[in-house]
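None of the figures in this text is laboratory data; all of them are computed from the coordinates on show. Every value quoted in this text rests on a predicted model; they were computed, and no experiment measured them. Cβ atoms come from the backbone with ideal geometry, glycine included; neighbour counts cover every protein chain shown.
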Amino acid sequence: MLKIGRRGMIAGALAMGGAASANASMFTPDWSSLVAGWETPEWFRDAKFGIWAHWGPQCQPEAGDWYGRLMYVPGSDAYKHHLANYGHPADTGFMEIIGKWKAEAWDPAALLHRYKQVGAKYFMAMAGHHDNFDLYDSAYHPWNSTRVGPRRDIVAGWEKAARAEGLPFGVSNHVSHAWHWYQTAYGYDPEGTRAGERYDAFKLRREQGHGKWWDGLDPQELYTGPSFVAPDGIAGNDSMDAWHQVHDGRWLEHAASRNPAFVRKWLLRQNDLVDKYRPDIVYFDDTQIPFGTVGLEAIAHYYNRAVEWHGSPDVVLTSKLLTDYMQGGLMNDVERGFSPVMRDQPWQTCTCIGDWHYNRARYDHKYYVPAQKVIQRLCDIVSKNGNLLLSVPLRGDGTLDSEEERILDDIAAWLRVNGDAAIFGSRPWRMFGEGPTDLPGGKMEEDKASDFTEQDVRFTVKDGALYTVLMLWPKSTLRIASLGRRALGGASIAKAEVVGGGKLAWKQEDDALVLTLPPAKPGQMVPVVRLHGAGLVGGT
């Protein structure tokens with residue numbers, strides 16, 4: 001009732017006198033205001049599937065995740081890659097990688113057309129990662145893509161292309177962690193020929209850039225300043241490892257008390273991002289919200305702007321590990337995770353077919369997540385009232401590799417047959433499905449999940465039909481206990497057909513629905529059966 005009442009107040013105030021008249025009813029930076037005034041938009045619930053360009057300068061080395069931090073951690077793969085390809089981090093730091101990133105083959109219009117043809121119903125662009133580099137024309141942070149690197153407004157390019165394709169447009173903000181994430185850049189090798197020599201972040205200042213590509217920029221603004229750097233005199237890998245575990249090995253979520261200027265500027269940057277590009281979705285890479293009340297200020301600002309743009313807060317903001325109460329005011333995102341249960345509140349999983357940042361090894365050794373697993377994941381999530389946001393990593397130059405293209409083609413082929421029937425615009429049934437496969441329920445736990453079996457099925461409903469997704473193409477007769485006459489309270493199934501056509505033998509018995517499908521043809525996977533019957537989807 002509070003949600004309906006508040007939305008009605010906003011709409012009424014706008015009708016009587018525009019945005020200015022609605023100010024008394026608009027959002028304030030507190031949970032009660034967010035929960036009372038926001039609800040999940042229907043367009044997001046209908047969308048089900050989005051594609052994410054998690055793309056920035058850390059993709060330039062093509063060496064995987066967290067390159068900007070791990071290249072300063074002696075012994076790490078990124079450190080070894082950096083030594084072999086760019087030199088020692090005391091001489092060539094991550095800011096030099098930014099300088100080398102040109103995005104020379106990036107064609108956002110072509111990529112967005114491709115993503116829409118695959119079946120994406122919304123698109124997300126990364127606006128800034130933990131490397132503290134803004135991928136847009138940032139009014140408050142000079143280290144941005146219009147001044148160095150590509151010298152282009154990356155977010156604006158993505159936005160224009162997404163709008164042209166009619167797709168809701170989102171931006172992801174990961175910057176809140178930069179202040180602790182980057183402390184490795186102030187470190188040094190604990191041993192070896194250059195032991196004790198500080199890395200570039202410790203030494204560089206604005207005046208040293210005269211005549212260079214970064215002339216006029218202060219490296220300390222990029223690297224965030226020293227908050228808890230390793231002291232001189234730590235010797236040996238064991239000692240440095242211990243320092244990292246105590247001081248920089250944690251994923252810090254609290255306000256950066258050692259760097260209050262960073263927090264203040266984060267809010268200005270976030271609000272600037274919202275004001276400039278009017279995103280339909282904002283993604284925070286944070287547990288609950290960044291920086292406590294500062295995060296609440298950012299959310300209230302976004303929702304208030306949405307009311308000005310749309311007449312209601314018809315937008316989505318996602319964050320991680322939200323309580324049930326918090327999920328009344330924003331969307332819960334489960335990063336690289338499943339849900340073992342159907343959730344009352346709509347939610348989202350974000351995951352990737354590879355590393356978050358492009359990793360050439362995935363292509364060379366052919367170990368991307370295959371299309372069948374992506375489709376199974378999508379069906380599982382949708383049956384549990386969620387959406388899937390899928391990252392398909394771009395190379396540093398802004399292109400997809402041939403393996404990624406093949407995976408996208410396979411996803412597109414399945415969605416062309418089954419998407420409009422069982423996925424897009426669907427809603428959960430009274431239960432999500434059945435089968436023996438147990439799934440973990442936590443963030444970053446997808447690697448613990450077992451593979452789906454022929455006995456695993458998932459359900460969705462749409463337009464009076466019940467859709468039964470068979471997670472693996474059955475090689476023999478399949479019995480679905482949830483659809484027997486007893487389980488359905490006596491309701492009978494009148495019609496069963498394979499979505500997209502194909503022979504199907506079926507019968508409903510007291511204890512199960514019995515299905516027999518022909519063998520899969522080459523390329524076929526995850527079949528969907530459409531069921532009709534009196535009372536079959538009532539009460540959904």
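Farthest toward the positive end of the dipole of the chain, out of Ala505, Ile154, Tyr302, is the Cα of Ala505, where the dipole comes from beta carbon charges about the Cα centre. Across the options Ala109, Leu83, Ser227, the greatest Cα extent toward the positive end of the charge dipole of the chain (unit charges at beta carbon of Lys, Arg, Asp, Glu) belongs to Ala109.
With contributions of -39500 (n - 2.57) from each DSSP H run of at least four residues, the per-residue ellipticity at 222 nm computed over the chain stands at -9000 deg cm²/dmol. In terms of surrounding Cβ atoms within a 10 Å radius of their Cβ, Asp456, Asp280 rank from fewest to most as Asp456, Asp280.
Counted residue by residue at 0.36 nm each, then reduced by the alpha carbon distance between them, the extension gain from Glu104 to Leu83 reaches 5.1 nm. Residue ranges 124-133, 102-111 sort as 124-133, 102-111 when ordered by packing (mean number of other C-beta atoms within 10 Å per residue, highest first). Distance between the 7 Å Cα→Cβ label points at Lys507 and Glu197: 8.1 nm.
Note: relative contact order over the range 433-532, using C-alpha pairs below 8 Å and six or more positions apart, is 28 percent.
Cβ-Cβ distance of Asp215 and Lys160, R₀ of 22 Å, FRET efficiency by 1/(1 + (r/R0)^6): the value works out to about 0.15. Helix 371-383 and the longest principal axis of the C-alpha atoms of the chain enclose an angle of approximately 70°. With the simple spin-label model, which puts each label point 7 Å out from Cα in the Cβ direction, the Asp275 to Tyr140 separation comes to 0.9 nm.
Placing +1 on the Cβ of every Lys and Arg and -1 on the Cβ of every Asp and Glu, with no other charges, gives the range 283-328 a dipole of roughly 0 debye about its Cα centre.
Pairs of Cα atoms nearer than 8 Å and 6+ residues apart set the relative contact order; for the chain it is 16 percent.
Pairs spanning more than 27 Å between alpha-carbon atoms, out of Lys80/Lys366; Lys102/Lys320; Lys366/Lys443: Lys102/Lys320.
Computed from the Cβ-Cβ distance with R0 of 41 Å, the FRET efficiency linking Asp420 to Gln208 stands at 0.10.
Please determine, in degrees from 0 to 90 and to the nearest 10, the orientation of helix 154-164 with respect to the longest principal axis defined by the Cα atoms of the chain, where the helix direction is its Cα long axis. Approximately 30 degrees, to the nearest 10. Across the range 199-235, the residues whose backbone nitrogen lies under 12 Å from the label position 7 Å along the beta-carbon direction of Leu252 are 224-230. Note the listed values [x] 22.9, 71; [y] 25.1, 81; [z] 23.5, 78, then indicate which one is Rg and Dmax of the Cα atoms in Å calculated from this particular structure. Answer label, from the structure shown: [y]. A simple spin-label model places pseudo-atoms 7 Å from Cα toward Cβ; at Thr323 and Arg479 they are separated by 4.6 nm.
About the centre of its Cα atoms, the chain shows a dipole size close to 1480 debye [charges on the beta carbon of Lys, Arg (+1) and Asp, Glu (-1) only; nearest 20 debye]. Principal-axis analysis of the Cα atoms of the chain puts helix 402-418 at an angle of about 30° to the longest axis.
Straight-line cross-link reach from Lys384 at under 15 Å between alpha-carbon atoms covers these aspartates and glutamates, not counting any fewer than eight positions away in the same chain: Asp46, Asp333, Asp344, Glu434, Asp438, Asp456.
Each of Ala164, His141, Ile97 was scored by the projection of its Cα onto the charge dipole of the range 89-175, and the greatest displacement toward the positive side belongs to Ala164; charges sit on the C-beta of Lys, Arg, Asp and Glu. Taking a point 7 Å out from the Cα of Ser239 in the direction of its Cβ, the residues of the range 180-207 whose backbone N falls within less than 14 Å of it are 188-192, 195-197.
Each peptide in 382-391, 198-207, 326-335 receives the mean, over its residues, of other Cβ atoms within 10 Å, and ordering these scores from highest gives 382-391, 326-335, 198-207.
Note on the range 433-532: with charges restricted to the Cβ of Lys and Arg (+1) and Asp and Glu (-1), its dipole about the Cα centre is near 460 debye. Normalising the average separation of contacting C-alpha pairs (under 8 angstrom, six or more residues apart) by the number of residues puts the relative contact order of the range 188-240 at 36 percent.
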